[in-house]
Amino acid sequence: MSQERLFKVLLGPHISEKATRATELNNQVVFKVAPDASKPEIKKAVESLFDVKVEAVQVVNIKGKTKRTIRGLGKRKDVRKAYVRLAPGQTIDLVDVE
């Protein structure tokens, strides 16, 4: 996999209450990923970019909600998230507090 593809697979971290709980309880980190990203690509991208060992990757596809607007019906974007479980003792610090 090329270095350029690694940067296109991971779109960014997903920060929410559920993602924070997954980090605390299961040693998982949640990322927004590209719609065409596969599990092996996600694993390789996280391992190379953050220098950690990944045990498992679970992928969730979330369909965008349909909303009514003044101009008719609209639709939010679909989202693809990856729950990445890290090996014991490994961490990724997504919030740099100084």
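Of the labelled figures (1) 90; (2) 118; (3) 144, only one reflects volume of the Cα convex hull per residue in Å³ as derived from the coordinates, namely (3).
Dividing the mean sequence gap of close Cα pairs (under 8 Å, 6+ apart) by how many residues the chain holds gives a relative contact order of 30 percent. For the cross-link pairs LYS39/LYS75; LYS32/LYS53; LYS32/LYS63; LYS32/LYS67; LYS53/LYS77; LYS8/LYS77, the ones whose C-alpha atoms lie over 24 Å apart are LYS39/LYS75; LYS53/LYS77.
Helix 39-50 and the longest principal axis of the C-alpha atoms of the chain enclose an angle of approximately 60°.
Each reported figure results from applying straightforward, stated rules to the coordinates on display, with no laboratory input. Just so it is clear, the structure is predicted and the values come from calculations on it, not from any experiment.
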